[in-house]
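The values are calculated or read from the model by the stated rules, or taken from the named source; none is laboratory data. Owing to the predicted nature of the structure, the values given are computational and were not obtained by experimental measurement. Here Cβ is always computed from backbone atoms with ideal geometry, including for glycine, and neighbour counts include all displayed protein chains. Please note that ligands, DNA and RNA were not included when accessible areas were found on the heavy atoms of the full protein model with its side chains. Shrake-Rupley method; radii C 1.70, N 1.55, O 1.52, S 1.80 Å.
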Amino acid sequence: MDYYGPMVQSLRFRAVALACWAAASMLPAMAQTPAQSTVPAPPAELEDTDAAASDDAAALNAELFYELLLGEMTTSRGDPGTGYALMLDAARRSGDPQLYRRATEIALQSRSGEYALMAARAWKEALPQSRDANRYMLRILISLNRIGDSAEPLKQELSTAPTRDKISTIRALPQLYGRASDKALAAQVVRQALQAELNHPAIGPIAWTTVGRMDLAASDKAGALEAASQAHAQDPADDGAAMLALELLAEGVTQAEPLLAGYLAGKPLPEVRMAYARLLLESQRLADAQFQLDAVNREQADMPEAWLLQASLHLQGGRLEQAEEALRRFTGLLEDLPATPQRKRALTQAYLMHAQVAEKRGDYAGAEGWLSRIEDAAELLTAQSRRAALLARQGKLEEARALIRAVPASTPDQERLKLQAEAQLLREAKQYAQAYTVLGKAVALAPADNDLTYDQAMLAEKAGRLDDMERLLRAIIARQPDYHHALNALGFSLAERGVRLEEAKALIVKALEFAPNDPFITDSLGWVEFRLGNRQEALTILKRAYETQPDAEIAAHIGEVLWSLGEHDRARDIWREGLRINKDNDTLKGTLDRLGVRL
């Protein structure tokens, strides 16, 4: 609908007539109620000592009053289009910024982005120096995904804002542009708008960090790394630059780690150390994670999460006494916190870990004692699954399965979680055929859940049901062509069996298009090249994967390629390194057994 031209004129006359009736019907109430201040005061330029001019102004103000009244009434009664037209017309004739704002908000509330932009643009044309008008324009343009058009309003906002507001705006830009469909264009717009700020002594590190976050959102890791380096060079203690470096490291950009190390050498936020320690744990860099956690506990010994992670780390390393001590410190800190659901969940994690410590000692009664302390109903299935694992370790697999089955389930989702827990129990017991069947029942409850179907496909492979595995993986790919895990798994399975190798390579290359830096998919590509006879190419690719993610299975593949090239000493070295990462890795142990290698 076109809200301008003849329609506005007719609405204006109708507004006066209808509003007169509405106002008349409200006179008794208004006579008993003090005048409200919601209607804007008459603009100063309408006041004049000349009687005729005063009469004209009074007539105009009366008409504005009625127009505003009807605009609000029609909006509240479900006709925002008419209310918007009346409000914007009143704003144009009065020049009042509050009326422009109200017209814009009516359009936004009715989800009419283009009309909101029209009102904001009219507002800015009438009052070019208004920061409010400019900011409304900026946000509306971004919400309409007109990213290129947002460049000028963004530059104006940055040029007119006081320093404190400017810093807040710069920090908010990655979130503001977060829903832009063209991330690269958004990054370009922001970088250009911030050019004048990049070398500012106070604002420069913040500006560079924002540029880096925009680049990272656009998958430009090289640009993000350059921005993080610039921010760090200007201020090595900048928290934002350190967090950007940490995000890059999590994305596999190892060149960001020296930047993070430089920051950590100063007086870092404990939260940054904690985030880094978690990342190191996920990467199985246990010694480095231990160093960071020790530092956190020295610098801020009252941070509960650090002690819980310490306990997890000691548990993984088999240091059971240290794990228990860390858990005691953790629960001691929780005692001073209010009894909230978060505290209950944290205690549940501690009790589960205590149970694992007891289980590793063979103290199954002690483990059961810790599990019995869990009061969180939401964790009932977790606790019962742990109890079931204890029974399975004692050779009571059927009793363990019965324990999980006895957990109440009032919804299909709860039933599905029970089936998944039972399948995991069977998987850990290496009962792959039964695990496959049980998980199949869970898939039947959620047939569109690709993650669940993928898990069933992996169990099919373990159970030797390769046709079923391929059928399930192809079903996932048909539903979700960018599900790179399924593409990679199917390609790797074909390569591992030495069949349809060209198809295997095509599947893996496709997977890399969707996850170009995934080290495990890169490993698959190296392995299929080896199976195709391209051993030097395979070695180059596998080394690249290992540099990104030191992993025992990748080490097994590199070692086998080196062994085939006659470089037996280098092969043994990489295999030993892989065993240090994970001495229980099935692929690595199987490779050594198949080749008859003893280390």
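Numerical summary
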{"quantity": "GLN310 being out of contact with any Phe, Trp or Tyr (no Cβ under 6 Å at 6 or more places or on another chain), closer than 18 Å to ARG278 by Cβ, surrounded by 18 or more Cβ atoms within 10 Å (Cβ to Cβ) and not small (Gly, Ala, Ser)", "calculated": "yes"}
{"quantity": "Test set (1) under 23 Å from SER283 (Cβ atoms); (2) modelled with pLDDT under 95; (3) of a type in the set (Val, Ile, Thr) - ILE558 fails condition number", "calculated": "(2)"}
{"quantity": "Matching residues, segment 377-414, being surrounded by 16 or more Cβ atoms within 10 Å (Cβ to Cβ) and of a type in the set (Lys, Arg)", "calculated": "ARG386, ARG387, ARG393, ARG401"}
{"quantity": "Hits in segment 343-363 - residues which are modelled with pLDDT under 85, farther than 19 Å from PRO304 by Cβ and open to solvent by 40 Å² or more (accessible area, probe 1.4 Å)", "calculated": "LYS360, GLY362"}
{"quantity": "Subset of segment 95-111 [within 32 Å of the chain's Cα centre (by Cα) and without any contact (Cβ under 8 Å) to a residue 24 or more places away in the chain]", "calculated": "GLU105, ARG111"}
{"quantity": "Matching option when the condition is out of contact with any Asp or Glu (no Cβ under 9 Å at 6 or more places or on another chain) and in contact (Cβ under 8 Å) with a residue 40 or more places away in the chain, among GLN192, GLN156, GLN234, GLN230", "calculated": "GLN192"}
{"quantity": "Cβ-Cβ under 9 Å pairs, at least 6 apart or on other chains, segment 270-299 side in contact (Cβ under 8 Å) with a residue 12 or more places away in the chain and farther than 16 Å from GLU257 by Cβ, far side aromatic (Phe, Trp, Tyr) and open to solvent by 10 Å² or more (accessible area, probe 1.4 Å)", "calculated": "LEU293/TRP307; ASN297/TRP307"}
{"quantity": "Residue in segment 508-522 that is in a loop (DSSP other than H, G, I, E, B) and open to solvent by less than 70 Å² (accessible area, probe 1.4 Å) present", "calculated": "yes"}
{"quantity": "Options ALA242, ALA207, ALA231; residue that is open to solvent by less than 50 Å² (accessible area, probe 1.4 Å), over 21 Å from LEU158 (Cβ atoms) and either over 20 Å from the mean Cα position of the chain (by Cα) or among the small types (Gly, Ala, Ser) (or both)", "calculated": "ALA242"}
{"quantity": "Hits in segment 547-581 (condition: touching a helix residue (DSSP H, G or I) at 6+ places or on another chain (Cβ under 7 Å), more than 23 Å from VAL253 (Cα to Cα) and in a loop (DSSP other than H, G, I, E, B))", "calculated": "LEU565"}
{"quantity": "Per-region count, segment 181-234, residues aliphatic (A, V, I, L, M) and closer than 23 Å to ASN517 by Cβ", "calculated": "15"}
{"quantity": "Looking only at segment 313-338, and only at residues there that are under 16 Å from TRP370 (Cβ atoms) and small (Gly, Ala, Ser), the one that is surrounded by the fewest Cβ atoms within 10 Å (Cβ to Cβ)", "calculated": "ALA323"}
{"quantity": "Which numbered condition ARG594 misses (of (1) under 22 Å from SER524 (Cβ atoms); (2) under 33 Å from the mean Cα position of the chain (by Cα); (3) of a type outside the set (Val, Ile, Thr); (4) open to solvent by 50 Å² or more (accessible area, probe 1.4 Å))", "calculated": "(2)"}
{"quantity": "Qualifying residue in segment 393-408 (condition: in a helix (DSSP H, G or I) and within 26 Å of ALA478 (Cα to Cα))", "calculated": "no"}
{"quantity": "Residue selected from segment 233-287 under the condition among the basic types (Lys, Arg) and part of a loop (DSSP other than H, G, I, E, B), by the criterion nearest to SER312 (Cα to Cα)", "calculated": "ARG285"}
{"quantity": "GLU529, sole failed condition from (1) modelled with pLDDT of 95 or more; (2) under 28 Å from LEU281 (Cα atoms); (3) out of contact with any Leu (no Cβ under 6 Å at 6 or more places or on another chain)", "calculated": "(2)"}
{"quantity": "Of all residues making up segment 310-338, the number that are in a loop (DSSP other than H, G, I, E, B) and touching a helix residue (DSSP H, G or I) at 6+ places or on another chain (Cβ under 8 Å)", "calculated": "3"}
{"quantity": "Condition broken by LEU542, with the remaining ones in (1) touching a residue at least 24 places away in the same chain (Cβ under 8 Å); (2) assigned to a helix (DSSP H, G or I) satisfied", "calculated": "(1)"}
{"quantity": "Only one of ASP569, ASP551, ASP573, ASP586 that is open to solvent by 20 Å² or more (accessible area, probe 1.4 Å), of a type in the set (D, E, K, R) and under 17 Å from GLU282 (Cα atoms)", "calculated": "ASP551"}
